[in-house]
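Presented below is the structure to which this report refers.
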Amino acid sequence: MEILRTENLSKTYGEGDIRVEALKNASFSIEKGEFISIVGPSGSGKSTLLNLIGALDNPTSGRVFLENRDIFSMKEEELAVFRRRSIGFVFQAYNLIPELNVEENMVLPLLLDYKKPDRDYIDELLNILGLAERRHHLPSQLSGGQQQRAAIGRALASKPAIILADEPTGNLDSRNSREVIDLMKLSVEKYRQTLIMITHNENYASHADRIFGVEDGIVNELGGSKK
């Protein structure tokens, strides 16, 4: 079942001599439960693509459909609510709130949406993420790997339609990076989560069902993984 579709998605910055086409007519479709890796050199348009899919930026032209909804046809307030409910984000910098403990960070998106957290599900996530004994720890009391696991838990807590991960292992050592990739892959398999992940690491990209390459703003499918 299709969960995401882009149609001629483009983003241009500046005009005249300083005009930069960051993304050029990207059109593709992603099925529910797929794990997609996006690879490409720095400045190729990878993050621009992810920001447009996540409605963190507006396209110059083109459309994005998530769960059959044209996200850029929504008014700003409606889009903010839809983004909070339907899209989970995992960033390289973790972006945890320092004054909140692990569990509080995880359930915050639900509380902002006036929803009661599913305690059994949150407990399950904490166990799977290896954070059950750290649930009351502040981010400053965690290692980098534990902070990123907490960020993954926050993204999964609201059971979004899709998770967007921008270099989620960028600040981690190799052991923690492998653990994070394994956890993200597990989220796809266990919860039938849909995941789109930017990575510079070809080995981590190979864990995905399909790999997209971005270069000079052009998106091409490079094929499936060698699993």
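Which order do E77, E215, E179 fall in if you start with the one that has the fewest other Cβ atoms within 10 Å? Write out the running numbers ahead of the final one.
Values: E77 8, E215 14, E179 18.
Ascending Cβ contact count within 10 Å gives the list E77, E215, E179.
To the nearest 500 deg cm²/dmol, what mean residue ellipticity at 222 nm is calculated for the chain from DSSP H runs of n ≥ 4 alone, each contributing -39,500 (n - 2.57), summed and divided by the residues?
Values: 7 runs with 76 residues, N = 227.
Value at 222 nm, helices only: -10000 deg cm²/dmol.
Give the order of H207, H136, H200 when sorted by the count of other beta carbons within 10 angstrom, beginning with the fewest.
Values: H207 20, H136 10, H200 14.
Least to most surrounded, the residues fall as H136, H200, H207.
What is the distance in Å between the Cα centres of segment 13-42 and segment 151-214?
The distance from the Cα centre of segment 13-42 to that of segment 151-214 comes to 18 Å.
Under 14 Å between alpha carbons, and skipping anything fewer than 8 positions from K32 in its own chain: which aspartates and glutamates qualify?
K32 reaches E2, E67, E189, D209.
For K75, K190, what's the fewest-to-most ordering of other Cβ within 10 Å of each Cβ? If you can, show how the numbers build up before the last one.
Details: K75 7, K190 11.
Least crowded to most crowded, the residues run K75, K190.
Throughout, read-outs are computed from the coordinates displayed, never taken from laboratory work. Since this is a predicted model, take the numbers as computed values, not measurements. Because the Cβ atoms are built from the backbone with ideal geometry, glycine has one as well, and the counts that use them run over all protein chains shown.
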